[in-house]
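Contents: one structure, followed by commentary.
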Amino acid sequence: MSPIAALRRSFVSAARGNVAARGVMKTLSPKAPVVAAVNPLLSSLSTFRSLSSSSTMDTMETGTKMYMSLYPEGSTDGSLRLGNIVPDFSADTTHGPMESFHEWKKGKWAILFSHPADFTPVCTTEIGRLAMKYDELKAMDCLVATLSVDPVKSHTEWLRDVVAHCENQIKVEFPIIGDADRSISTAYGMIDPGTSGDQQLPLTIRAVFIINPENKLMLSLNYPACVGRNTDEIVRCVKALQLSYEKSIATPANWPENHADLPLKDGSRTDEFKGSVFLLPTVSPEEAKANYPDYHTCEVPSGIEYLRLVKSEDVEKK
Ligand code: BEZ
């Protein structure tokens with residue numbers, strides 16, 4: 001049975017309160033029947049885990065594997081969604097022809113970053129700020145390509161302004177794709193296919209696609225023309241995705257600035273868990289204890305032990 005079919009089946013089971021409820025009891029906590037009753041998703045994940053493989057300490061499912069099992073690889077209606085394999089394309093770029101986007105990024109993480117138009121103010125600052133992050137992204141083995149519906153000649157001329165606006169302190173070392181026929185923008189959902197006949201409008205939205213080494217779309221951001229993006233946030237997202245690609249964890253809100261002042265059972269507080277991450281719901285208590293003996297469970301009124309924090313240094317060590 002495919003993972004997706006297993007998940008779907010366990011959703012149904014969870015709703016009926018039978019097999020899935022028993023599955024979750026095994027893997028979460030003594031309070032697990034409550035979980036199954038109130039949260040069919042957790043119940044389903046747990047059942048999926050027991051159906052997919054017998055997870056041992058060495059084979060705990062990574063965040064990517066677990067979360068991506070929730071999304072299909074293919075799109076049923078042509079829209080690009082998380083988990084889908086991104087469309088391949090060929091294009092002209094400021095670095096010359098790109099025969100195949102998939103070949104260009106082969107086996108690596110990549111960011112595809114679109115801007116609405118050359119010679120516009122917000123876009124000028126965005127490409128400049130992205131160039132400033134390029135070395136950091138390169139060190140993370142993450143490629144960058146940007147794109148707009150302007151032709152490459154326009155990009156090349158505009159780049160002089162981008163560099164000058166950063167007081168000539170940057171080099172733009174990533175390719176800028178010219179998507180003059182709007183085929184890439186349309187395939188990636190940045191322009192509605194029904195509106196692409198007019199070659200003036202609409203413009204591409206400000207989109208960010210973060211794509212994993214297997215060409216799966218892991219994260220996308222959509223901004224309108226009037227709001228410039230934060231490149232620190234983009235780098236943060238790549239870091240979080242790369243961590244959950246390898247480890248059985250997920251990053252909390254505002255990570256790595258999270259849980260900086262955590263209350264403990266004895267009434268004291270600690271900053272030791274600042275920047276910590278959550279164990280996945282599919283990690284059993286036995287696996288958690290064996291792999292991360294110092295993990296901390298946050299107490300909540302439900303009594304369900306699902307907020308399990310692991311210090312990031314303990315995750316890095318594994
Ligand atoms: C800008 O980048 O400033 C911009 C782009 C498209 C429309 C309006 C503004």
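What follows draws every value from the coordinates through simple rules; no lab data is involved. Only a predicted model underlies this, so the values are computations on that prediction, with no experimental measurement involved. FYI the Cβ positions are ideal-geometry reconstructions off the backbone, even for glycines, and counts take in every protein chain you see.
Structure summary
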{"item": "Ser185, sole failed condition from (1) free of Cβ contacts under 8 Å to residues at least 24 places away in the same chain; (2) within 16 Å of the ligand (Cβ to nearest atom)", "result": "(1)"}
{"item": "Of all residues making up segment 71-117, the number that are more than 16 Å from the ligand (Cβ to nearest atom), within 18 Å of His155 (Cβ to Cβ) and of a type in the set (Ser, Thr, Tyr)", "result": "3"}
{"item": "Pro256 vs. criteria part of a loop (DSSP other than H, G, I, E, B) and closer than 22 Å to Met60 by Cα", "result": "no"}
{"item": "Members of segment 76-111 found to be in a loop (DSSP other than H, G, I, E, B) and small (Gly, Ala, Ser), listed by number", "result": "Gly78, Ser79, Gly83, Ser90, Ser100, Gly107"}
{"item": "Close pairs from segment 217-228: first in contact (Cβ under 8 Å) with a residue 24 or more places away in the chain and within 14 Å of Pro121 (Cα to Cα), partner surrounded by fewer than 16 Cβ atoms within 10 Å (Cβ to Cβ) and of a type in the set (A, V, I, L, M, F, W, C), Cβ under 9 Å, at least 6 apart", "result": "Ala225/Ala117"}
{"item": "Residue match in segment 161-182 (condition: in a loop (DSSP other than H, G, I, E, B), without any contact (Cβ under 8 Å) to a residue 24 or more places away in the chain and surrounded by 14 or more Cβ atoms within 10 Å (Cβ to Cβ))", "result": "no"}
{"item": "Residue list for segment 138-154, filter: under 14 Å from Ile234 (Cβ atoms), crowded, with 21+ Cβ neighbours inside 10 Å and touching a residue at least 40 places away in the same chain (Cβ under 8 Å)", "result": "Cys142, Ala145"}
{"item": "Residue match in segment 121-136 (condition: without any contact (Cβ under 8 Å) to a residue 24 or more places away in the chain and either assigned to a strand (DSSP E or B) or within 16 Å of the ligand (Cβ to nearest atom) (or both))", "result": "yes"}
